[in-house]
Amino acid sequence: MKQELEYRINNTDPGPRKKFVRETFDAIADTYDVLNRVLSFGIDMSWRTAAVRLLGDIRRKDIIDLCSGTGDFIPLLSAKGARVVAVDFSLAMLKKGKEIGKIHECAVAADVCKLPLRSEYFDAAIIAFGVRNIPDINVFIDEIFRVLKENGELVVLELTRPRNIIIRGLYRIYLTCVLPFVGGIVSGKLRAYRYLSKTIESFIDPEHLSRMLERGGFNYIRILRRFFGIATIIHCRRREQIRMPIQ
Ligand SMILES: C[S@@+](CC[C@H](N)C(=O)[O-])C[C@H]1O[C@@H](n2cnc3c(N)ncnc32)[C@H](O)[C@@H]1O
């Protein structure tokens, strides 16, 4: 069970892990938003705003919100004039997003590693708190490369571990005691919140993820730490396709 809760890269057999993740989010969809605000003390919205700001002028741009959940990014993106496609494999999360009015444009229930979408279509991709749920991360990077236009931007927002040893210790107490306890009581799904904590503790660090993105065809990579490194934003650009001259 410990193994199931911890994050591990698995590009060859991600199926069982993904089933577990989908079922976990299906189970907590109803209480996800409220708990998100409470457990992050509302700071997550300022991280999202910062992530969207990095994309600059997005009027009439096509943006894909990956692992969109209940669609927290969508009002922020739409307000700036972007056209948004939300993708998530938890139907319950997408339905909740529709019900509360955050998802109003196009929503696709699909695995972000196998998008039923055209190549080189999107101007930008954004993903918040989703990447540490994806075991086949190399497949994910290839897929985002495929759907983005040349020079398209990718913004990854993820919960990470602070570097300062004291804050890291305090955060660990929060992750192991407060988060599963409060999340478990409110949602009635203790295991789901233990999973969320464990993946934060065991996910690869931002430098490792940046190297993977670089190898996967992304450049101009910037790592921006937020709130003592509890959250990190990675901002990068999809490289141009290298075209071989016809002999
Ligand atoms: C922690 S929630 C984040 C939701 C939202 N982005 C937010 O900021 O609140 C993670 C979401 O990722 C989705 N997810 C995880 N792995 C996925 C995958 N391989 N394909 C599609 N969705 C996935 C889950 O269903 C869940 O809704």
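Bear in mind that the values in this text are calculations on the coordinates, not laboratory data. Everything numeric in this text was worked out from a predicted model, so none of it was measured. Cβ placement follows ideal geometry from the backbone for every residue including glycine, while neighbour counts extend to all protein chains displayed.
Below is a table of values for the structure above.
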| quantity | calculated |
| --- | --- |
| Folded to 0 to 90 degrees: helix 15-39 orientation relative to the chain principal axis, Cα | 70 |
| Magnitude of the charge dipole, the stretch 1-87, Cβ model with Lys/Arg +1 and Asp/Glu -1, debye to 20 | 380 |
| For the stretch 27-170, the fraction of alpha-carbon pairs in successive 10 Å shells from zero, as % | 11, 42, 35, 11, 1 |
| Trypsin sites (Lys or Arg not before Pro) lying in DSSP loop within the stretch 23-59, provided at most 10 other Cβ fall within 10 Å | ARG59 |
| Max mean-square fluctuation residue, GNM over the chain, Cα-Cα springs under 10 Å, options LEU76, LEU213, LEU157 | LEU76 |
| Tilt relative to the chain, helix 137-147 - C-alpha long axis, 0 to 90 degrees, to 10 | 40 |
| Residue with peak Gaussian network fluctuation, the chain [Cα springs, cutoff 10 Å], from GLU143, GLU105, GLU158 | GLU105 |
| Total charge dipole magnitude, the stretch 165-247, about the Cα centre, Cβ charges on Lys, Arg, Asp, Glu only, Debye to nearest 20 | 120 |
| Amide H contacts of ASP136 (H built 1.01 Å from N, under 5 Å, at least 5 apart or other chain) | ASN10 |
| Positive-pole candidate from CYS106, THR232, ILE127, dipole of the chain, charges at beta carbon | THR232 |
| Relative contact order for the stretch 2-238, counting Cα pairs under 8 Å that sit 6 or more residues apart, in percent | 22 |
| Furthest towards positive pole of dipole, GLY188, PRO206, LEU170, structure part the stretch 2-238, Cβ charges | LEU170 |
| Debye, to nearest 20: dipole size of the stretch 2-238, +1 on Lys, Arg Cβ, -1 on Asp, Glu Cβ | 400 |
| FRET efficiency estimate (nearest 0.05) - Cβ-Cβ, ILE166 to ARG83, R0 45 angstrom | 0.50 |
| Under 21 Å, Cα to Cα: Lys pairs in the stretch 2-238, sequence gap 8 or more or different chains | 25 |
| Convex hull per residue volume in Å³, alpha carbons only, for the chain | 126 |
